[in-house]
Amino acid sequence: MYRDFLTGDWQTRSACRGEDPELFFPVGDSGPALLQAADAKAVCRLCSVTEACLRWAMDAGEVHGIWGGTDEGDRRLIRRGAARAAAASRTADV
Ligand code: SF4
């Protein structure tokens, strides 16, 4: 099973079970790596546990790989958006 090290029951329903784990860890950010990331994300689009997977990756601070249909850059944008929203909320409370 893909990502056996995770706990919880959501990964038993993952669409990436049986896929080569290497698919989800493209090396680099251009050329073949972009195509590989797109292929991995295509698997994620068929997955019923995308939200749980992404939440796990965000909570774990996963830097590398495709998780919940996102790559490193996607997750960085999500973190920045969350940080901006938190800052705006603090400003609104003042
Ligand atoms: S969202 Fe993608 S990486 Fe996560 S469990 Fe599903 S197929 Fe695997």
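The values are calculated or read from the model by the stated rules, or taken from the named source; none is laboratory data. Given the structure is predicted, the values throughout are model-derived calculations rather than measurements. Cβ coordinates were reconstructed from backbone atoms using ideal geometry, including for glycine residues, and neighbour counts include every protein chain displayed. Note: areas computed on protein heavy atoms with side chains; ligands, DNA, RNA excluded. Shrake-Rupley method; radii C 1.70, N 1.55, O 1.52, S 1.80 Å.
Counting only heavy atoms of the protein chains, get the accessible area per residue of the chain (1.4 Å probe) and round it to a whole Å² value.
That works out to 65 Å² for each residue.
Quick check: the angle from helix 72-93's long axis to the longest principal axis of the chain, C-alpha only, nearest 10 degrees?
20
Per the 1.4 Å probe, what fraction of the accessible area of the chain, in percent, lies on carbon and sulfur atoms?
C and S fraction of accessible area: 56 percent.
Restricting things to Cα coordinates, could you compute the convex hull volume per residue of the chain in Å³?
Output value, Cα hull per residue: 109 Å³.
For helix 50-60, report the angle its Cα long axis makes with the longest principal axis of the Cα atoms of the chain; keep it between 0 and 90° and round to the nearest 10°.
Helix 50-60 sits at roughly 70 degrees to that axis.
Tell me, what is the percent relative contact order of the chain, built from C-alpha pairs under 8 Å that lie six or more residues apart?
Relative contact order of the chain: 23 percent.
What angle do you read, to the nearest 10 degrees and between 0 and 90, between the alpha-carbon axis of helix 32-45 and the longest principal axis of the chain?
Taking Cα atoms only, the helix is inclined about 80 degrees.
Once phi is turned into θ = phi - 60°, what whole-Hz ³J(HN,Hα) does the Karplus curve with 6.51, -1.76 and 1.60 give for every residue of segment 9-21, x standing for Gly and Pro?
8, 5, 6, 6, 9, 5, 6, 8, 4, x, 7, 5, x
To the nearest 0.05, how large is the calculated FRET efficiency for A38 and R13 if R₀ is 22 Å and r is the Cβ-Cβ distance?
After rounding, the FRET efficiency stands at 0.45.
So if each residue of separation counts as 0.36 nm, and I subtract the Cα-Cα distance between V94 and R80, what length gain in nm does that give?
Contour length minus Cα-Cα distance gives 2.9 nm.
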